[in-house]
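Here's the structure, in structure tokens; my notes come after.
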Amino acid sequence: MKRLLRRFHPQPAVPATGAALRSVSRTHLGRVRRLNEDRVLDRADLGLWAVADGMGGHSRGDVAAETLVAHLAALPTPVSPQAIDDALQAANRVVYQDHGGQSGTTLVMLTVDQGVATIRWAGDSRAYLIRNGRPELLTRDHSLVQELIEAGLVTPDKAATHPKANVITRALGTSAHVTVETLSLALEANDRVLLCSDGLSRSLEDRDLAERCDIEPLADRLLQNALQRDASDNISLVIVEAAAGAAS
């Protein structure tokens, strides 16, 4: 199975400053878990989207993810970078204090302002850019397996089945302070950004994102592919599209 492993290298782009942004989201329990610990935020009106994958099982990873998404959803408009940073740290403190570091949540989120997309993440929930039918990975997993890959001790194609594939090295709520990584890029018209939990990314293939179809059926297809190929975890995704002809 050909995984999506190419990393994004920024290139000069014409920002889609007048873009009309469309989005769609999906979340599913999967076929093994009894509880959906994922949460999705899909707020095109705020230019704000997020996927949170809660961790902790009986320690209530679902509550951690819900706490994070609630803090982001409550942001005042216009949404500022400082307000986002404050909300993330506030959510981190609440989860850490309420659960003593025994629960937490990954995060991948997208904001768009004047044609510039900013990705923030902690953990192994991912963001992909699909440009001209070519998908590229925007984020770097904060995980033990990713560190092993970079050290040359594990090959990328073996990462998903590694016995410690679920060991996360960074998440919200597991310590008193969290460092959230950030990346910004100019969006072009027709660009798509996919945010997803590892329940989707572990079985994602290049060809899944290469076809041009509307984002609604694409979201359904991605979900069904994940259910057929793996389905051992909760599956969540958000697709955001910059409308055609919006570049200026």
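The values are calculated or read from the model by the stated rules, or taken from the named source; none is laboratory data. Everything quoted here is computed from the prediction, not taken from an experiment. Neighbour counts are summed over all protein chains in view; Cβ atoms, including those assigned to glycine, are modelled from backbone coordinates with ideal geometry.
Tally time: how many residues in the stretch 126-169 are in contact with a Gly (Cβ under 6 Å, 6 or more places away or on another chain) and in contact (Cβ under 8 Å) with a residue 60 or more places away in the chain? The qualifying residues number 1. Consider the stretch 33-42. How many of its residues are of a type in the set (D, E, K, R) and not in a strand (DSSP E or B)? Number of matching residues: 3.
In the condition set (1) on the phi > 0 side of the Ramachandran plot; (2) under 15 Å from the mean Cα position of the chain (by Cα), residue 68 is compliant with all but (1).
Pairs linking a residue in the stretch 190-216 that is among the polar types (S, T, N, Q) to a residue that is part of a helix (DSSP H, G or I), with Cβ atoms under 7 Å and 6 or more positions apart or on different chains, are 203/225; 203/226; 203/229. Given the condition surrounded by fewer than 18 Cβ atoms within 10 Å (Cβ to Cβ), within 24 Å of residue 225 (Cβ to Cβ) and within 14 Å of the chain's Cα centre (by Cα), answer yes or no: does some residue in the stretch 148-163 qualify? Looking through the stretch 148-163, none of the residues is surrounded by fewer than 18 Cβ atoms within 10 Å (Cβ to Cβ), within 24 Å of residue 225 (Cβ to Cβ) and within 14 Å of the chain's Cα centre (by Cα).
Scanning the stretch 43-74 for residues that are modelled with pLDDT under 95 and assigned to a loop (DSSP other than H, G, I, E, B) yields 44, 45, 46, 47, 56, 60. For the stretch 22-42, the candidate set comprises residues that are aliphatic (A, V, I, L, M) and modelled with pLDDT under 95; within that set, the residue that is nearest to residue 127 (Cα to Cα) is 29.
Answer yes if at least one residue in the stretch 224-235 is under 16 Å from the mean Cα position of the chain (by Cα) and farther than 22 Å from residue 164 by Cα, and no otherwise. No, that holds for no residue.
Being of a type in the set (S, T, N, Q) and farther than 15 Å from residue 171 by Cβ is the filter; apply it to the stretch 77-96 and report the residue that is surrounded by the most Cβ atoms within 10 Å (Cβ to Cβ). The residue in question is 80. For the stretch 98-119, the set of residues classified as modelled with pLDDT of 95 or more and either surrounded by fewer than 18 Cβ atoms within 10 Å (Cβ to Cβ) or assigned to a loop (DSSP other than H, G, I, E, B) (or both) consists of 106, 116, 118, listed by residue number. From the residues in the stretch 120-151 that are in a strand (DSSP E or B) and hydroxyl-bearing (Ser, Thr, Tyr), which one is modelled with the lowest pLDDT? Among those that are in a strand (DSSP E or B) and hydroxyl-bearing (Ser, Thr, Tyr), it is 143. Residue count for the stretch 173-206 under the criterion of being of a type outside the set (Gly, Ala, Ser), outside any loop (DSSP other than H, G, I, E, B), over 19 Å from residue 26 (Cβ atoms) and more than 14 Å from the chain's Cα centre (by Cα): the result is 2. Here is the figure for the stretch 28-70: residues that are among the β-branched types (Val, Ile, Thr), surrounded by 20 or more Cβ atoms within 10 Å (Cβ to Cβ) and more than 23 Å from residue 117 (Cα to Cα) total 2. Go through the stretch 20-32 and count every residue that is in contact with a Ser or Thr (Cβ under 8 Å, 6 or more places away or on another chain) and either over 20 Å from residue 172 (Cβ atoms) or assigned to a loop (DSSP other than H, G, I, E, B) (or both). Residues in the stretch 20-32 being in contact with a Ser or Thr (Cβ under 8 Å, 6 or more places away or on another chain) and either over 20 Å from residue 172 (Cβ atoms) or assigned to a loop (DSSP other than H, G, I, E, B) (or both): 5 in total.
Residues checked against (1) surrounded by fewer than 14 Cβ atoms within 10 Å (Cβ to Cβ); (2) at pLDDT 95 or above:
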| site | (1), (2) |
| --- | --- |
| 179 | yes, yes |
| 192 | no, yes |
| 207 | yes, no |
| 216 | yes, yes |
| 219 | no, yes |
| 237 | no, yes |
